[in-house]
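Undergrad: Shown below is the structure under consideration.
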Amino acid sequence: VRDRAVDLYRQALVGAKLPEPATNLLAHAFLLLQLGSLLLFVHDDSPGQARTHALVDEGLDMLVPMLPILATPMGGALIERLAGALARAGISLQPAVA
């Protein structure tokens, strides 16, 4: 299920014309934002789920402006560093082998 969800985000990012490592990392980041939002939503007792809406709005406000930056050499270096840190923590950004 996780792999299919990440793949949907990858497909949505195709139009951004980002390098594969950036697309892969962003697909996972968007999934994490979705899961975090869902977790908050379940426990959100604020009127109209205002805290959940704020998390989604702020998360997108942070991620979407990064798209052009991630296509630059500096963005590529950042992606490599983030992917390396995640790999050392045992978090794979590769699809699970069936």
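The values are calculated or read from the model by the stated rules, or taken from the named source; none is laboratory data. A quick note: this is a predicted structure, and the numbers were derived from the prediction, not measured. Here the Cβ is made from the backbone with ideal geometry for all residues, glycine too, and neighbour counts use every protein chain on show. Just the protein is used for accessible areas: all its heavy atoms, side chains included, with ligands, DNA and RNA removed. Shrake-Rupley method; radii C 1.70, N 1.55, O 1.52, S 1.80 Å.
Undergrad: Filter the range 13-28 for residues that are in contact with a helix residue (DSSP H, G or I) (Cβ under 8 Å, 6 or more places away or on another chain) and of a type in the set (Gly, Ala, Ser); which is farthest from residue 75 (Cα to Cα)?
TA: Among those residues, the one meeting the criterion is 27.
Undergrad: Criterion first (at pLDDT below 85 and assigned to a helix (DSSP H, G or I)) does residue 8 satisfy it?
TA: No, not satisfied.
Undergrad: Considering only helices (runs of 4 or more DSSP H) fully contained in the range 16-98, which possess at least 2 residues that are within 16 Å of residue 6 (Cα to Cα) and open to solvent by 50 Å² or more (accessible area, probe 1.4 Å)? Spell out the reasoning first.
TA: Details: elements: 20-43, 50-63, 66-70, 73-88.
In the range 16-98, the matching helices (runs of 4 or more DSSP H) lie at 20-43.
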